[in-house]
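So the structure is just underneath, and the comments pick up after that.
The values are calculated or read from the model by the stated rules, or taken from the named source; none is laboratory data. None of the values given here were measured: they were computed from a predicted structure. Positions of Cβ are generated from backbone atoms using ideal geometry, with glycine treated the same way; all protein chains shown enter the neighbour counts. Quick note on the areas: whole protein, heavy atoms, side chains included, nothing else; ligands and nucleic acids left out. Shrake-Rupley method; radii C 1.70, N 1.55, O 1.52, S 1.80 Å.
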2 protein chains.
Amino acid sequence: MSLTHIQSFVAVAEECHVGRAARRLHLTQPPLSRHILALEDELGAPLFERTGRGMRLLPAGEAFLVHARRILSEVDAAVHTVRGVVGNSGES
Amino acid sequence: MSLTHIQSFVAVAEECHVGRAARRLHLTQPPLSRHILALEDELGAPLFERTGRGMRLLPAGEAFLVHARRILSEVDAAVHTVRGVVGNSGES
DNA sequence: CCGCTGTCATGCCGAAACAGCATTGGACGC
DNA sequence: GCGTCCAATGCTGTTTCGGCATGACAGCGG
(Lines give C-alpha, C1' and ligand atoms only; values in the text may rest on other atoms or scores of the structure.)
Protein backbone atom coordinates (compact mmCIF):
# COMPACT_ATOMS: atom_id res chain seq x y z
CA MET A 1 0.00 0.00 0.00
CA SER A 2 1.35 3.39 -0.96
CA LEU A 3 0.13 6.95 -0.81
CA THR A 4 -0.10 6.92 -4.59
CA HIS A 5 -2.56 4.04 -4.42
CA ILE A 6 -4.62 5.88 -1.86
CA GLN A 7 -4.72 9.01 -4.01
CA SER A 8 -5.77 6.88 -6.96
CA PHE A 9 -8.53 5.29 -4.92
CA VAL A 10 -9.94 8.63 -3.80
CA ALA A 11 -9.91 9.99 -7.35
CA VAL A 12 -11.71 6.94 -8.72
CA ALA A 13 -14.19 6.97 -5.87
CA GLU A 14 -15.04 10.60 -6.58
CA GLU A 15 -15.27 10.21 -10.34
CA CYS A 16 -16.86 6.74 -10.42
CA HIS A 17 -14.81 6.38 -13.57
CA VAL A 18 -11.26 5.20 -14.05
CA GLY A 19 -10.61 7.15 -17.23
CA ARG A 20 -11.65 10.51 -15.79
CA ALA A 21 -9.75 9.87 -12.58
CA ALA A 22 -6.71 9.02 -14.66
CA ARG A 23 -6.86 12.34 -16.51
CA ARG A 24 -7.26 14.14 -13.21
CA LEU A 25 -4.10 12.47 -11.89
CA HIS A 26 -2.17 13.03 -15.14
CA LEU A 27 -1.97 9.29 -15.63
CA THR A 28 -3.42 6.76 -18.04
CA GLN A 29 -6.19 4.29 -17.36
CA PRO A 30 -4.26 0.99 -17.17
CA PRO A 31 -1.91 1.83 -14.28
CA LEU A 32 -4.77 3.41 -12.39
CA SER A 33 -6.87 0.30 -12.87
CA ARG A 34 -3.98 -1.71 -11.52
CA HIS A 35 -3.69 0.55 -8.48
CA ILE A 36 -7.26 -0.23 -7.53
CA LEU A 37 -6.79 -3.94 -8.13
CA ALA A 38 -3.63 -3.95 -6.01
CA LEU A 39 -5.45 -2.17 -3.22
CA GLU A 40 -8.34 -4.62 -3.32
CA ASP A 41 -5.90 -7.48 -3.36
CA GLU A 42 -4.01 -6.14 -0.37
CA LEU A 43 -7.19 -5.50 1.61
CA GLY A 44 -8.60 -8.88 0.65
CA ALA A 45 -11.90 -7.42 -0.47
CA PRO A 46 -13.33 -5.60 -3.50
CA LEU A 47 -13.91 -1.89 -2.97
CA PHE A 48 -15.87 -1.14 -6.13
CA GLU A 49 -18.63 -2.70 -8.10
CA ARG A 50 -17.85 -2.71 -11.83
CA THR A 51 -21.06 -1.64 -13.52
CA GLY A 52 -20.14 -1.81 -17.19
CA ARG A 53 -20.76 1.95 -17.19
CA GLY A 54 -18.22 2.85 -14.51
CA MET A 55 -17.39 2.05 -10.93
CA ARG A 56 -19.61 2.29 -7.90
CA LEU A 57 -18.37 2.19 -4.31
CA LEU A 58 -19.19 -0.86 -2.24
CA PRO A 59 -19.70 -0.53 1.53
CA ALA A 60 -16.10 -1.56 2.13
CA GLY A 61 -15.04 1.16 -0.29
CA GLU A 62 -17.10 3.80 1.50
CA ALA A 63 -15.49 2.83 4.77
CA PHE A 64 -12.04 2.96 3.26
CA LEU A 65 -12.73 6.32 1.63
CA VAL A 66 -13.22 8.00 4.98
CA HIS A 67 -9.83 6.84 6.19
CA ALA A 68 -8.17 7.50 2.84
CA ARG A 69 -9.17 11.15 2.91
CA ARG A 70 -8.00 11.47 6.49
CA ILE A 71 -4.62 9.96 5.61
CA LEU A 72 -4.10 12.35 2.74
CA SER A 73 -5.01 15.42 4.78
CA GLU A 74 -2.74 14.25 7.57
CA VAL A 75 0.12 14.01 5.09
CA ASP A 76 -0.67 17.49 3.92
CA ALA A 77 -0.75 18.74 7.49
CA ALA A 78 2.60 17.09 8.17
CA VAL A 79 4.22 18.89 5.25
CA HIS A 80 2.79 22.25 6.25
CA THR A 81 3.75 21.76 9.88
CA VAL A 82 7.37 21.10 8.99
CA ARG A 83 7.45 24.09 6.69
CA GLY A 84 5.97 26.18 9.49
CA VAL A 85 8.50 25.04 12.07
CA VAL A 86 11.40 25.71 9.75
CA GLY A 87 10.03 29.03 8.59
CA ASN A 88 9.40 30.33 12.10
CA SER A 89 12.74 29.26 13.48
CA GLY A 90 14.52 31.35 10.89
CA GLU A 91 12.36 34.45 11.23
CA SER A 92 13.49 37.53 13.07
CA MET B 1 6.77 10.79 -0.22
CA SER B 2 5.65 7.25 0.43
CA LEU B 3 4.45 5.27 3.41
CA THR B 4 7.69 3.33 3.33
CA HIS B 5 9.64 6.55 3.80
CA ILE B 6 7.44 7.53 6.72
CA GLN B 7 7.94 4.14 8.38
CA SER B 8 11.67 4.51 7.88
CA PHE B 9 11.62 7.93 9.44
CA VAL B 10 9.76 6.75 12.53
CA ALA B 11 12.13 3.83 13.00
CA VAL B 12 15.21 6.04 12.72
CA ALA B 13 13.69 8.64 15.01
CA GLU B 14 13.07 6.00 17.66
CA GLU B 15 16.44 4.31 17.35
CA CYS B 16 18.54 7.44 16.76
CA HIS B 17 20.61 5.09 14.63
CA VAL B 18 20.23 4.16 10.98
CA GLY B 19 21.84 0.74 11.29
CA ARG B 20 19.58 -0.44 14.11
CA ALA B 21 16.51 0.98 12.41
CA ALA B 22 17.52 -0.87 9.27
CA ARG B 23 17.71 -4.19 11.09
CA ARG B 24 14.33 -3.51 12.65
CA LEU B 25 12.82 -2.94 9.22
CA HIS B 26 14.62 -5.95 7.70
CA LEU B 27 16.53 -3.64 5.42
CA THR B 28 20.13 -2.53 5.03
CA GLN B 29 21.60 0.80 6.01
CA PRO B 30 22.12 2.49 2.62
CA PRO B 31 18.53 2.45 1.35
CA LEU B 32 17.30 3.57 4.74
CA SER B 33 19.77 6.44 4.74
CA ARG B 34 18.47 7.41 1.33
CA HIS B 35 14.87 7.31 2.56
CA ILE B 36 15.68 9.93 5.16
CA LEU B 37 17.58 12.07 2.69
CA ALA B 38 14.71 11.88 0.21
CA LEU B 39 12.27 12.92 2.91
CA GLU B 40 14.39 15.86 3.95
CA ASP B 41 14.80 16.87 0.35
CA GLU B 42 11.07 16.72 -0.27
CA LEU B 43 10.26 18.70 2.86
CA GLY B 44 12.98 21.20 2.11
CA ALA B 45 14.48 20.96 5.60
CA PRO B 46 16.73 18.61 7.56
CA LEU B 47 14.91 16.47 10.13
CA PHE B 48 17.94 15.04 11.94
CA GLU B 49 21.22 16.28 13.23
CA ARG B 50 24.09 13.92 12.30
CA THR B 51 26.14 13.59 15.42
CA GLY B 52 28.93 11.30 14.34
CA ARG B 53 27.54 8.85 16.90
CA GLY B 54 24.06 8.58 15.45
CA MET B 55 21.12 10.78 14.59
CA ARG B 56 19.26 13.23 16.80
CA LEU B 57 15.87 14.72 15.97
CA LEU B 58 15.74 18.39 15.12
CA PRO B 59 12.63 20.43 16.01
CA ALA B 60 11.30 19.98 12.49
CA GLY B 61 11.79 16.24 12.91
CA GLU B 62 9.91 16.20 16.21
CA ALA B 63 7.02 18.01 14.57
CA PHE B 64 7.01 15.61 11.67
CA LEU B 65 7.18 12.59 13.95
CA VAL B 66 3.83 13.42 15.51
CA HIS B 67 2.13 13.47 12.13
CA ALA B 68 4.06 10.46 10.88
CA ARG B 69 2.79 8.29 13.72
CA ARG B 70 -0.74 9.52 13.16
CA ILE B 71 -0.53 8.69 9.45
CA LEU B 72 0.66 5.16 10.13
CA SER B 73 -2.04 4.45 12.70
CA GLU B 74 -4.66 5.86 10.36
CA VAL B 75 -3.48 3.46 7.67
CA ASP B 76 -3.71 0.64 10.15
CA ALA B 77 -7.19 1.72 11.15
CA ALA B 78 -8.24 1.86 7.50
CA VAL B 79 -7.14 -1.72 6.92
CA HIS B 80 -8.90 -2.98 10.01
CA THR B 81 -12.05 -1.06 9.21
CA VAL B 82 -12.29 -2.61 5.75
CA ARG B 83 -11.69 -6.06 7.17
CA GLY B 84 -14.38 -5.39 9.75
CA VAL B 85 -16.93 -4.23 7.21
CA VAL B 86 -16.32 -7.23 5.00
CA GLY B 87 -16.31 -9.65 7.90
CA ASN B 88 -19.54 -8.34 9.39
CA SER B 89 -21.42 -8.18 6.11
CA GLY B 90 -20.86 -11.88 5.62
CA GLU B 91 -21.74 -12.93 9.16
CA SER B 92 -25.05 -14.48 10.02
C1' DC C 1 -30.25 -10.64 -33.34
C1' DC C 2 -26.23 -7.95 -34.41
C1' DG C 3 -23.06 -4.61 -34.56
C1' DC C 4 -21.50 -0.25 -32.03
C1' DT C 5 -19.93 2.17 -28.26
C1' DG C 6 -18.07 2.75 -23.87
C1' DT C 7 -15.92 0.72 -19.91
C1' DC C 8 -12.41 -1.87 -17.09
C1' DA C 9 -8.75 -5.58 -17.37
C1' DT C 10 -4.56 -7.68 -19.29
C1' DG C 11 -0.13 -8.67 -22.18
C1' DC C 12 3.82 -6.67 -23.24
C1' DC C 13 7.89 -3.69 -23.25
C1' DG C 14 11.05 0.10 -22.23
C1' DA C 15 12.22 3.30 -18.50
C1' DA C 16 12.65 4.52 -13.83
C1' DA C 17 13.09 3.26 -8.94
C1' DC C 18 14.94 0.40 -5.58
C1' DA C 19 17.77 -2.63 -2.57
C1' DG C 20 22.17 -4.42 -1.52
C1' DC C 21 27.34 -4.58 -1.80
C1' DA C 22 31.46 -2.22 -1.50
C1' DT C 23 33.60 1.88 -0.38
C1' DT C 24 34.33 6.66 1.06
C1' DG C 25 34.33 10.52 4.28
C1' DG C 26 33.98 12.25 8.73
C1' DA C 27 33.64 12.30 13.90
C1' DC C 28 35.00 10.45 18.31
C1' DG C 29 37.86 8.04 21.83
C1' DC C 30 42.32 6.37 23.00
C1' DG D 1 47.90 9.70 14.71
C1' DC D 2 45.14 5.22 14.84
C1' DG D 3 41.35 2.37 15.21
C1' DT D 4 36.43 2.36 15.57
C1' DC D 5 31.90 3.54 14.52
C1' DC D 6 28.72 6.05 11.92
C1' DA D 7 26.13 7.96 7.80
C1' DA D 8 26.65 8.97 2.77
C1' DT D 9 27.79 7.69 -1.98
C1' DG D 10 29.09 4.92 -6.39
C1' DC D 11 27.65 1.20 -8.68
C1' DT D 12 24.98 -2.78 -10.38
C1' DG D 13 21.28 -6.34 -10.85
C1' DT D 14 16.59 -6.73 -10.06
C1' DT D 15 12.15 -5.23 -9.56
C1' DT D 16 8.49 -2.03 -10.14
C1' DC D 17 5.94 0.96 -12.83
C1' DG D 18 3.77 3.56 -16.57
C1' DG D 19 2.12 3.62 -21.28
C1' DC D 20 0.60 1.43 -25.64
C1' DA D 21 -2.08 -1.93 -27.79
C1' DT D 22 -5.50 -5.12 -27.21
C1' DG D 23 -8.96 -8.13 -25.02
C1' DA D 24 -13.33 -9.08 -22.60
C1' DC D 25 -17.72 -7.69 -21.34
C1' DA D 26 -21.99 -4.93 -20.63
C1' DG D 27 -25.53 -1.74 -22.63
C1' DC D 28 -27.90 0.35 -26.43
C1' DG D 29 -29.82 1.24 -31.15
C1' DG D 30 -31.30 -0.56 -35.25
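Things worth noting here:
- In region A:40-66, the residues that are within 10 Å of another protein chain (Cβ to nearest Cβ), outside any helix (DSSP H, G or I) and touching a strand residue (DSSP E or B) at 6+ places or on another chain (Cβ under 9 Å): A:Leu47, A:Leu58
- Residues of region B:67-82 that turn out to be facing another protein chain (nearest Cβ under 7 Å), without any contact (Cβ under 8 Å) to a residue 24 or more places away in the chain and not polar (S, T, N, Q), as a count: 7
- Search result, residues across region A:3-43 that are of a type in the set (Ser, Thr, Tyr) and either in contact (Cβ under 8 Å) with a residue 24 or more places away in the chain or surrounded by 15 or more Cβ atoms within 10 Å (Cβ to Cβ) (or both): A:Thr4, A:Ser8, A:Ser33
- Test: B:Val10 is within 16 Å of DNA strand D (Cβ to nearest atom), within 13 Å of chain A (Cβ to nearest Cβ) and either assigned to a helix (DSSP H, G or I) or in contact with a strand residue (DSSP E or B) (Cβ under 7 Å, 6 or more places away or on another chain) (or both): yes
- Subset tally (residues that are out of contact with any helix residue (DSSP H, G or I) (no Cβ under 7 Å at 6 or more places or on another chain) and open to solvent by 40 Å² or more (accessible area, probe 1.4 Å)) for region B:45-79: 11
- A single member of A:Val66, A:Val86, A:Val18 is of a type in the set (A, V, I, L, M, F, W, C), more than 12 Å from DNA strand C (Cβ to nearest atom) and farther than 22 Å from B:Arg83 by Cβ, and it is A:Val86.
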